[in-house]
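The structure appears below as structure tokens.
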Ligand SMILES: [Zn+2]
């Protein structure tokens, strides 16, 4: 059975999914930065996006929390990765595009340069502390007024809270920007590897749309079809 047949079998029969993942490992080997690739029968839903996760890279806690290099990550694959109406995967290359060119890429960055991909809890803590410290400084500025029986103005308090909310908001925005940046790098890696794969047009458009979303680039998507000699046969503009 070739890889494509094995993939189609895994789509139809859940009991074949881990076998398919093992076959992928057998054919291409496992890079040094991957511990294992495992099928998880319980579907996961992304907290940020509210959509079903297809697969994810789970880093070593030492990489995630302490930014230690050379720590392997694991990739977990969920049921929706085998359901075409959710994943959009039409063939094994669509699947491998996400598994190898995207999730492995996250694992490679985590292995080689963890601070590129993990906002460590330590940095969250420092940022939170700073917010709190600044907040206390704002309050203490208002205190002398209070002791001099001046009005500890409602507006002062309001201002302080507004400032604090602003800071928290910008912190959340920073975090989103950080995630968007490493997602963008992974999707770009998928794009670069299309030339080595036989992905469906639908999957390629899907990746192009993700890149557009994460980079906030609104340029149109153009699909070129090439002949065997590499000449452009057709060009189609997609407006979505
Ligand atoms: Zn990703």
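Of the residues 223, 205, only one is modelled with pLDDT of 75 or more and touching a strand residue (DSSP E or B) at 6+ places or on another chain (Cβ under 7 Å); which?
205
If you scan region 49-92, which residues turn out to be free of Cβ contacts under 8 Å to residues at least 12 places away in the same chain and under 28 Å from residue 114 (Cβ atoms)?
Of everything in region 49-92, those that are free of Cβ contacts under 8 Å to residues at least 12 places away in the same chain and under 28 Å from residue 114 (Cβ atoms) turn out to be 49, 50, 51, 61, 62.
Residues checked against (1) in a helix (DSSP H, G or I); (2) surrounded by fewer than 17 Cβ atoms within 10 Å (Cβ to Cβ); (3) within 13 Å of the ligand (Cβ to nearest atom); (4) over 17 Å from the mean Cα position of the chain (by Cα):
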residue: 6; (1), (2), (3), (4): yes, no, no, yes
residue: 20; (1), (2), (3), (4): yes, no, no, yes
residue: 32; (1), (2), (3), (4): no, yes, no, yes
residue: 35; (1), (2), (3), (4): no, yes, no, yes
residue: 65; (1), (2), (3), (4): yes, yes, no, yes
residue: 69; (1), (2), (3), (4): no, yes, no, yes
residue: 85; (1), (2), (3), (4): yes, yes, no, yes
residue: 96; (1), (2), (3), (4): yes, no, no, no
residue: 106; (1), (2), (3), (4): yes, no, yes, no
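Which residue, of 82, 66, is in contact with a helix residue (DSSP H, G or I) (Cβ under 6 Å, 6 or more places away or on another chain) and over 18 Å from residue 186 (Cβ atoms)? Give the steps one after another, and end with the answer.
On the way: 66 fails: in contact with a helix residue (DSSP H, G or I) (Cβ under 6 Å, 6 or more places away or on another chain).
Checking each option against the conditions leaves just 82.
State all residues of region 44-60 that are surrounded by 14 or more Cβ atoms within 10 Å (Cβ to Cβ) and either more than 12 Å from the chain's Cα centre (by Cα) or part of a loop (DSSP other than H, G, I, E, B) (or both); if no residue qualifies, say none.
Residues of region 44-60 that are surrounded by 14 or more Cβ atoms within 10 Å (Cβ to Cβ), as a first pass: 44, 52-60.
Within region 44-60, 44, 52, 53, 54, 59, 60 meet the criteria.
Every residue, every condition in (1) away from the ligand (no atom under 15 Å from the Cβ); (2) in contact (Cβ under 8 Å) with a residue 24 or more places away in the chain; (3) closer than 14 Å to residue 98 by Cβ, yes or no:
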{"site": "160", "(1), (2), (3)": "yes, yes, no"}
{"site": "165", "(1), (2), (3)": "yes, no, no"}
{"site": "168", "(1), (2), (3)": "yes, yes, no"}
{"site": "172", "(1), (2), (3)": "yes, no, no"}
{"site": "198", "(1), (2), (3)": "yes, yes, no"}
{"site": "202", "(1), (2), (3)": "yes, yes, yes"}
{"site": "206", "(1), (2), (3)": "no, yes, yes"}
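The values are calculated or read from the model by the stated rules, or taken from the named source; none is laboratory data. Everything numeric here is computed off the predicted structure, so don't read it as measured data. A quick note on method: Cβ atoms are made from the backbone with ideal geometry, for glycine too, and the neighbour counts reach across all protein chains shown.
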